[in-house]
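The next block holds one structure in the form of structure tokens; read it before the comments.
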Amino acid sequence: MKFIYIFSGWDGSTADATMFHDTRLTDLLVPHGKYFLADAGFQTCDALLIPYRGVRYHLAEWGRAELR
């Protein structure tokens, strides 16, 4: 379940959301009913699942794993 997409030619300071928007317009197709998980810096759209800001998810699972 790995996804790798290379979109070269952008300046290093370009925002991820800007590149994602341009990529969707040019050649990245998200199949109907499928989603990409993104961080809170992305815009809301039909292809992204964006978590709520300030919410820490799956704390119980991390606590049982005893990882530091």
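Per residue, how large is the accessible surface of the chain? Use a 1.4 angstrom probe and give square angstrom.
Accessible area per residue, the chain: 93 Å².
Could you sort Arg24, Arg53 by accessible area so the largest value comes first, with the probe set to 1.4 Å?
I get Arg53, Arg24, largest accessible area first.
If exposed means no more than 13 neighbouring beta carbons inside 10 Å and the site is in a DSSP loop, what's the longest run of the chain without any exposed chymotrypsin sites (Phe, Trp or Tyr not before Pro)?
Value returned for the longest uninterrupted segment is 11-34.
Enumerate the calculated ³J(HN,Hα) couplings along segment 25-35 in order (Karplus 6.51 cos²θ - 1.76 cosθ + 1.60, θ = phi - 60°), each rounded to whole Hz, writing x wherever the residue is Gly or Pro.
Computed from phi, the couplings for segment 25-35 are 6, 9, 8, 8, 9, 9, x, 4, x, 10, 9 Hz.
How much of Asp16 can a 1.4 Å solvent probe reach, expressed as accessible area in Å² and rounded to 10?
90 Å²
Return the carbon/sulfur percentage of the accessible area of the chain, one whole number, probe 1.4 Å, all protein chains in place.
57 percent
Show Lys2, Lys34 ordered by accessible area, largest first, where the area counts protein heavy atoms only and the probe is 1.4 Å.
Highest to lowest solvent-accessible surface, that is Lys2, Lys34.
Take every Cα pair under 8 Å in the chain that's 6+ residues apart, average their separations, divide by the length, and report that relative contact order as a whole percent.
20 percent
Put Val55, Val30 in order of accessible area, largest first, 1.4 Å probe: what do you get?
Highest to lowest solvent-accessible surface, that is Val55, Val30.
In a Debye calculation with equal point scatterers on the alpha-carbon sites of the chain and no solvent, what is log10 I(q)/I(0) at q = 0.19, 0.26 Å⁻¹?
Reported log10 I(q)/I(0), two decimals: -0.91, -1.27.
Among Thr44, Thr23, Thr14, whose mean-square fluctuation peaks in a Gaussian network model of the chain (Cα, cutoff 10 Å)?
Thr14
The values are calculated or read from the model by the stated rules, or taken from the named source; none is laboratory data. Just so you know, these numbers come straight off a predicted model, no measurement behind them. All Cβ positions, even for glycine, are placed from backbone atoms using ideal geometry, and neighbour counts span all protein chains on display. The accessibility values were calculated without ligands, DNA or RNA, using every heavy atom of the protein model including side chains. Shrake-Rupley method; radii C 1.70, N 1.55, O 1.52, S 1.80 Å.
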